[in-house]
């Protein structure tokens, strides 16, 4: 059921108090006014704190700067008069006990009348006293079809001839933006380039980055790491190569469902985070990073609202990669938190979405501590595959040395004794090998010369890897990985 159908159903069913969270006031007002007249034949009243009521000639300016009086207009109409009352930013007055009491009284009265109260706000803020009375509807961002229609209208008004191919690309690029932002970015494109052209998508991407930054939930991550930057992990590399075109129109036409995601479990420093960036680069998709801690807020209901907002943003920007870093910490927190079940509800929302999502959002979740992850998370259906990233074997360590040395010494990397370096770094992770090279460079730089294999050996001899400091935890993780319940990211040794 789409938003309009759900809204009209609730209005016809005489739900007394509806809450819509959106920053697109103009767009939602148009839709609410349109629904009131076309589907219900009711009067439409719109109120804000500064101007009071507007739209109805007899009540223009009524209840200006008086939120309590704004509710009294509802009672002034006869019981038979059908009406929809839209109150903008009314959640700001929920701390007033008189307002709360008045709303409770009104909902008892108008649920038997053809009237509805609709609160529109950019924030989700419902007090505990009203939770049972309020029905929340999520107002989605513009659909592809809405965007395409708006682009045609804007192109016509700006006297720009947009080809069908450009229209398709622009509409897809604009998904995830509000209608107001789409209008602004199109005006910016015209101001900078004088026309809508192939460079337009760059400005749209910058606008999307602004949206993500302002959400304070997700962040855009760079995707400058290629598959050649990932040493070893051949099984994992083959897996992602096989799905490189999974989001293409040809794959959809063939009947293939979108891949759901992958869970990467393993030792710290083995390349899990790097793998997320490699997938995004290899598949040429934007990479959004989610820190679970950002979902949680102090007010009742806000954490759940942020989880829904995160999902809406990710789906609106689809196709994309959603990187959930260190998901095990979120589950560990759910087992120890005394937060009245907020953490569990947020995680339940996320896990349900993982199973049921149909949007082309590919999840890359990483975890260090397998003990914190519930078994139901790892079952098929939530992730397409669960990979274990172990400490690199001898061949992989040699490749990792080659990758890092090739980056810092592209013309002389072959002069280093890679095979010897691989042998003496048994038990080192990829991140630790990189740190060895950095320390050797620092050592040689201090003597104003280039670093050598001997410098690397000297650093290795003094280096204490994590596999020694956390030997017990590592052995338990390796034993679990060898149980056969998880795929290995590397080739067999």
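Worth pointing out:
- Every listed requirement among (1) at pLDDT below 95; (2) in contact with a helix residue (DSSP H, G or I) (Cβ under 7 Å, 6 or more places away or on another chain); (3) not in a helix (DSSP H, G or I) is met by residue 129 save one, (3).
- Residue within the stretch 229-236 that is touching a residue at least 40 places away in the same chain (Cβ under 8 Å), touching a strand residue (DSSP E or B) at 6+ places or on another chain (Cβ under 7 Å) and assigned to a helix (DSSP H, G or I) present: yes
- Test: residue in the stretch 144-166 that is at pLDDT 85 or above, closer than 17 Å to residue 204 by Cα and in a loop (DSSP other than H, G, I, E, B): no
Results for (1) closer than 22 Å to residue 55 by Cα; (2) within 27 Å of the chain's Cα centre (by Cα), shown as yes or no for each residue.
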position: 83; (1), (2): yes, no
position: 97; (1), (2): no, no
position: 103; (1), (2): no, no
position: 108; (1), (2): no, no
position: 123; (1), (2): no, yes
position: 128; (1), (2): no, no
position: 139; (1), (2): no, yes
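- Hey, residue 470 surrounded by 11 or more Cβ atoms within 10 Å (Cβ to Cβ) and free of Cβ contacts under 8 Å to residues at least 12 places away in the same chain or not: yes
- A residue that is touching a helix residue (DSSP H, G or I) at 6+ places or on another chain (Cβ under 8 Å) and surrounded by fewer than 15 Cβ atoms within 10 Å (Cβ to Cβ) occurs nowhere in the stretch 15-23.
- Just one of the numbered conditions (1) touching a residue at least 40 places away in the same chain (Cβ under 8 Å); (2) surrounded by 14 or more Cβ atoms within 10 Å (Cβ to Cβ); (3) more than 30 Å from residue 303 (Cα to Cα) is not true of residue 220: (3).
- Matching residues in the stretch 314-352 - criterion: being part of a loop (DSSP other than H, G, I, E, B) and either at pLDDT 85 or above or more than 30 Å from residue 177 (Cβ to Cβ) (or both): 325, 326, 337, 338, 339, 340, 341
- For the stretch 206-216, filtered to residues that are surrounded by fewer than 18 Cβ atoms within 10 Å (Cβ to Cβ) and touching a strand residue (DSSP E or B) at 6+ places or on another chain (Cβ under 9 Å), the residue that is farthest from residue 293 (Cα to Cα) is 209.
Every residue, every condition in (1) surrounded by 11 or more Cβ atoms within 10 Å (Cβ to Cβ); (2) not in a loop (DSSP other than H, G, I, E, B), yes or no:
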residue	(1), (2)
423	yes, yes
428	yes, no
435	yes, yes
441	yes, yes
449	no, no
458	yes, yes
477	yes, yes
480	yes, yes
490	yes, no
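The values are calculated or read from the model by the stated rules, or taken from the named source; none is laboratory data. Predicted model, so just to flag it, every value in this text is computed and none were measured. Reconstructed Cβ throughout: ideal geometry from the backbone, glycine too, with neighbour counts over all protein chains shown.
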